[in-house]
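All remarks here apply to the structure that follows.
The values are calculated or read from the model by the stated rules, or taken from the named source; none is laboratory data. In this text, all values refer to a predicted model and were calculated from it rather than measured experimentally. Glycine also receives a Cβ, built like all others from the backbone with ideal geometry; neighbour counts cover every protein chain displayed.
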Amino acid sequence: MLERRAAMTTLLAGRRDDLLVVPGLGSTTWDLAAAGDDDRNFYLWGAMGGAVMIGLGLALAKPALKVAVITGDGEMLMGLGSLATVGVQRPQNLAIVVFDNGLYGETGMQASHTQSGVDLVAVARGCGIEHVMDLDDEAGLQNLAGLLRTFERPVFARVKIAPQDPPRVLPVKDGVEIKQRVRRAVEKIG
Ligand SMILES: Cc1ncc(C[n+]2csc(CCOP(=O)(O)OP(=O)(O)O)c2C)c(N)n1
Ligand SMILES: [Mg+2]
């Protein structure tokens with residue numbers, strides 16, 4: 001199992017270039033802010049279940065970007081149907097990374113369905129996402145970090161995350177400001 005803050009830092013270490021990140025609401029947003037604030041971070045403060053759809057829209061609208069949705073298992077479970085749409089649309093520039101702690105962490109560590117046998121990697125594969133990864137160690141994480149800079153077809157990765165609740169690092173909360181920052185970043189990339 002991996003520590004969430006270290007995992008996020010590893011995934012974003014080095015040059016990000018054209019990589020836009022859409023975190024899920026709650027813990028992955030705090031993890032992303034802790035790894036370093038950046039205009040290329042499209043923080044979601046709400047919209048549980050919407051991260052993959054938002055990432056898909058960005059990826060389709062801006063083919064020059066690479067978009068990584070990095071979300072939690074609870075958030076992914078709420079938006080499970082989005083994986084079917086990704087499987088059908090096959091965006092070449094969308095990667096989905098799920099930090100799976102088997103918990104609804106932000107709301108008090110209640111057990112999620114991934115603790116009871118729901119296999120998100122199998123769901124993604126069943127939806128037609130061919131490039132899937134299931135990882136729980138540093139080597140796998142390094143591999144995924146490299147892939148996030150180079151992938152050219154949809155990717156789904158489940159990252160097994162230890163049940164921790166580190167102190168929150170809160171990014172900017174104003175929705176208009178977040179939107180404008182991301183727009184600025186996207187315009188720079190092309
Ligand atoms: C529609 C909706 N239902 C419930 C919530 C409350 N809520 C916020 S975060 C969260 C848990 C998210 O769990 P997960 O995505 O696994 O993230 P973790 O904190 O475990 O990394 C819940 C239930 C919400 N914000 N919106
Ligand atoms: Mg979780």
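Annotation: of all residues in region 103-149 being of a type in the set (Ser, Thr, Tyr) and over 16 Å from the mean Cα position of the chain (by Cα), the one that is farthest from LEU65 (Cα to Cα) is SER116.
Just one of the numbered conditions (1) surrounded by 17 or more Cβ atoms within 10 Å (Cβ to Cβ); (2) of a type in the set (Phe, Trp, Tyr); (3) modelled with pLDDT under 95 is not true of PHE99: (3).
Consider region 21-54 and keep the residues that are more than 9 Å from ligand 1 (Cβ to nearest atom) and charged (D, E, K, R). The one that is farthest from VAL86 (Cα to Cα) is ASP37. Only residues that are under 12 Å from the mean Cα position of the chain (by Cα), part of a helix (DSSP H, G or I) and not aliphatic (A, V, I, L, M) were counted in region 26-60, giving 5. Summed over region 136-190, the residues that are of a type outside the set (S, T, N, Q) and part of a loop (DSSP other than H, G, I, E, B) give a count of 19.
Which one is surrounded by the most Cβ atoms within 10 Å (Cβ to Cβ), of the residues in region 160-190 that are more than 25 Å from ARG5 (Cα to Cα), aliphatic (A, V, I, L, M) and touching a residue at least 12 places away in the same chain (Cβ under 8 Å)? Checked region 160-190; the qualifying residue surrounded by the most Cβ atoms within 10 Å (Cβ to Cβ) is VAL186. Per the conditions (1) farther than 25 Å from ARG183 by Cα; (2) within 12 Å of ligand 1 (Cβ to nearest atom), the sole criterion not satisfied by THR71 is (1).
Determine if region 111-130 includes at least one residue that is part of a loop (DSSP other than H, G, I, E, B), in contact (Cβ under 8 Å) with a residue 40 or more places away in the chain and within 16 Å of ligand 1 (Cβ to nearest atom). Yes: region 111-130 contains one or more residues that are part of a loop (DSSP other than H, G, I, E, B), in contact (Cβ under 8 Å) with a residue 40 or more places away in the chain and within 16 Å of ligand 1 (Cβ to nearest atom).
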